[in-house]
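Okay, so here's the structure we're looking at.
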Amino acid sequence: MANKTEISFRTQCIHTGNGIDKETGAIRRPITMANSYRLPEDSSTLDWSDPNQLVYTRNTSANQIYLQEKLAALEGGEDCVVLSTGVSALAGVFFTFLDKDAHIICSNVSYVAVYRLLKEYFPDKYGVETTLVDTGNLDEIKKALRPNTKIIHIETPGNPTTRVSDIAEISKIAQSVGALLTVDSTFASPFLQRPLELGADLVIHSLTKYINGHGDSMGGAVIGRKDLIDQIKRQAMVNLGGAISPFNAWLIMRGAVTLPLRMKQHSESAMKVARFLEGHSSVDFVAYPGLESHPQHEIAKKQMSMYSGVLSFGLKADVDTHNKFVNSLELIVPAVSIGHDESLIVYTGPKDERNHFYPDEFKNGHLRFSVGLEEADDIIADLKQAFEKCGL
């Protein structure tokens with residue numbers, strides 16, 4: 001086979017990290033459900049906490065190593081660490097690189113666990129200072145810089161507003177003060193956005209979402225330079241116990257094979273759905289990076305190849321009608337998460353704890369919609385019949 005750095009993304013999804021099982025000859029590496037591995041003949045000099053040596057599954061497992069190889073290749077990083085969930089990956093980055101009294105700049109609209117980690121737990125327990133800013137506004141980031149700024153963390157596209165932040169420009173700001181730029185690229189996946197190539201130091205994914213893509217496993221990953229990843233492996237995986245199970249690693253490895261095909265379909269269908277919603281008289285707003293009306297559409301065009309499958313929208317209606325609309329859907333499933341094969345929708349009312357950071361149109365509540373792999377016309381038909389049931 002050609003050098004793995006020279007083969008296409010689609011081919012890497014299939015082949016990287018996979019190989020022939022030496023014992024059986026199976027062309028798919030098996031699930032190794034062991035929690036311990038045979039020690040070398042001389043174990044007196046063994047590093048018992050080595051995150052790259054097969055000794056104990058809390059340190060690493062065979063299936064984890066295969067998955068890390070694949071994800072590093074897909075993101076173009078030197079190394080990868082896979083953890084039990086997306087939140088454990090995020091927490092692992094913050095725990096590893098935020099020392100006592102350090103300062104972090106973070107998107108003011110981000111995943112709720114990140115908000116709690118950086119606004120409550122890390123400040124209360126470790127004295128970490130957090131400044132939340134609109135990372136779509138470069139001037140706000142520059143004004144927030146301090147001598148002790150260690151990390152600038154962005155989520156792009158952001159959850160749930162789909163805000164897009166300019167990775168390349170924010171990278172220059174981070175470099176000017178010696179801070180790390182960490183990018184949660186879960187909504188985009190490596191197929192649609194390449195943060196490391198745009199200047200990020202670390203890219204983070206909830207593997208639970210698009211990379212797995214089947215709604216049946218959980219995991220998180222951080223990809224970047226080897227010296228940074230080694231620190232996360234030792235601190236957040238080995239010594240905090242955030243290791244992924246071999247079975248989940250195997251499921252995610254399997255799901256990643258079809259990532260390019262799925263992301264293309266998610267993106268194409270989401271664009272059709274977004275245009276339908278934007279043209280409906282009962283829809284108050286639609287937030288989707290692929291729409292020309294999106295405030296960061298030009299940045300999205302610059303750094304994304306397509307626009308993924310997540311959009312948010314609101315109805316010209318009260319809370320009860322929003323709930324009635326969701327419960328009138330027959331094909332689209334009311335459930336949290338994104339990136340499943342089936343379409344998922346969740347209504348967040350006006351009492352969200354982060355509401356004051358949202359754009360004005362979000363403040364009366366919104367619907368976050370993860371467009372699945374169903375035929376786009378079927379998804380739109382389901383939305384139409386729900387509108388009709390609600391008299392909209």
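The values are calculated or read from the model by the stated rules, or taken from the named source; none is laboratory data. Small disclaimer: the values here were computed from a predicted structure and weren't measured. Methodologically, a virtual Cβ is constructed for each residue, glycine included, from the backbone with ideal geometry; neighbour enumeration extends over all protein chains shown.
For this structure, a couple of remarks:
- Residue, surrounded by the most Cβ atoms within 10 Å (Cβ to Cβ), within the range 13-34, restricted to residues that are in contact (Cβ under 8 Å) with a residue 40 or more places away in the chain and β-branched (Val, Ile, Thr): 16
Listed here are the residues, each with its yes/no results for (1) assigned by TED's automatic domain parsing to the domain that holds residue 369; (2) touching a His at 6+ places or on another chain (Cβ under 7 Å); (3) part of a loop (DSSP other than H, G, I, E, B).
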| residue | (1), (2), (3) |
| --- | --- |
| 142 | no, no, no |
| 160 | no, yes, yes |
| 170 | no, no, no |
| 176 | no, no, no |
| 181 | no, no, no |
| 190 | no, no, no |
| 198 | no, no, yes |
| 210 | no, no, yes |
| 215 | no, yes, yes |
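- In the range 65-112, the residue that is farthest from residue 213 (Cα to Cα) out of those that are among the charged types (D, E, K, R) and in contact with a strand residue (DSSP E or B) (Cβ under 8 Å, 6 or more places away or on another chain) is 101.
- Note on the range 308-324: residues that are touching a strand residue (DSSP E or B) at 6+ places or on another chain (Cβ under 9 Å), surrounded by fewer than 17 Cβ atoms within 10 Å (Cβ to Cβ) and either more than 10 Å from residue 285 (Cβ to Cβ) or of a type in the set (Phe, Trp, Tyr) (or both) total 3.
- For the condition at pLDDT below 95 and either assigned to a loop (DSSP other than H, G, I, E, B) or not β-branched (Val, Ile, Thr) (or both), residue 241 qualifies.
- Hey, residue 206 in the same structural domain as residue 378 (by TED's automatic domain parsing), within 18 Å of the chain's Cα centre (by Cα) and not aromatic (Phe, Trp, Tyr) or not: no
- Residue within the range 256-265 that is modelled with pLDDT under 95 and more than 21 Å from residue 29 (Cβ to Cβ) present: no
- Some residue of the range 89-112 being over 19 Å from residue 151 (Cα atoms), assigned by TED's automatic domain parsing to the domain that holds residue 245, buried (at least 22 other Cβ atoms within 10 Å of the Cβ) and touching a Leu at 6+ places or on another chain (Cβ under 6 Å): no
- Restricting 56, 37, 66 to those that are surrounded by 15 or more Cβ atoms within 10 Å (Cβ to Cβ), touching a residue at least 12 places away in the same chain (Cβ under 8 Å) and within 21 Å of the chain's Cα centre (by Cα) reduces the list to 66.
- Qualifying position, being closer than 19 Å to residue 182 by Cβ and crowded, with 18+ Cβ neighbours inside 10 Å, among 217, 245, 269, 206: 206
- Selection count where residues are buried (at least 23 other Cβ atoms within 10 Å of the Cβ) and closer than 16 Å to residue 357 by Cβ, scope the range 131-157: 7
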